[in-house]
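Worksheet: the structure to be examined is printed underneath.
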Amino acid sequence: MQIAAPIASVGETPEQRAAAYQRLFQFELDEEDLKEIRSAANGGFALGNQRFKDEISAMPGRRVERLRQRLRQRASQLG
């Protein structure tokens, strides 16, 4: 059976691929990271460092943070 290149790159056999997949879950995320991930996923906006957010925000129709958060930041900057 032919395996797609990205999948095959993690192991040649099903056992090697399964072991590589299991290593992805070897460490737990802390609650704050999980909260950020859930918020971004549920809100439909980008999650990443500032450089990544700047690149995404330059794309038409893409958000990097919740609208309410942006409005609060703008209000605090104005007064």
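Some observations on this one:
- Single unsatisfied condition, Glu32 versus (1) in a helix (DSSP H, G or I); (2) of a type in the set (Asp, Glu); (3) modelled with pLDDT under 80: (3)
- Unmet requirement for Arg62, which otherwise passes all of (1) surrounded by 12 or more Cβ atoms within 10 Å (Cβ to Cβ); (2) out of contact with any Asp or Glu (no Cβ under 8 Å at 6 or more places or on another chain); (3) modelled with pLDDT of 80 or more: (3)
- For segment 46-59, a residue qualifies if it is surrounded by 11 or more Cβ atoms within 10 Å (Cβ to Cβ) and of a type in the set (S, T, N, Q), and exactly one does: Ser57.
- In segment 39-52, the residues that are within 10 Å of Arg66 (Cβ to Cβ) form Cβ pairs under 9 Å with partners that are part of a helix (DSSP H, G or I) and of a type in the set (S, T, N, Q), at six or more places apart or across chains, as follows: Phe45/Ser39.
- The set of residues in segment 8-29 being under 23 Å from the mean Cα position of the chain (by Cα), surrounded by 10 or more Cβ atoms within 10 Å (Cβ to Cβ) and outside any helix (DSSP H, G or I) consists of Ser9, Val10, Leu29.
The values are calculated or read from the model by the stated rules, or taken from the named source; none is laboratory data. Bear in mind that the values here come from a model prediction, so they are computed numbers and not experimental data. Glycine also receives a Cβ, built like all others from the backbone with ideal geometry; neighbour counts cover every protein chain displayed.
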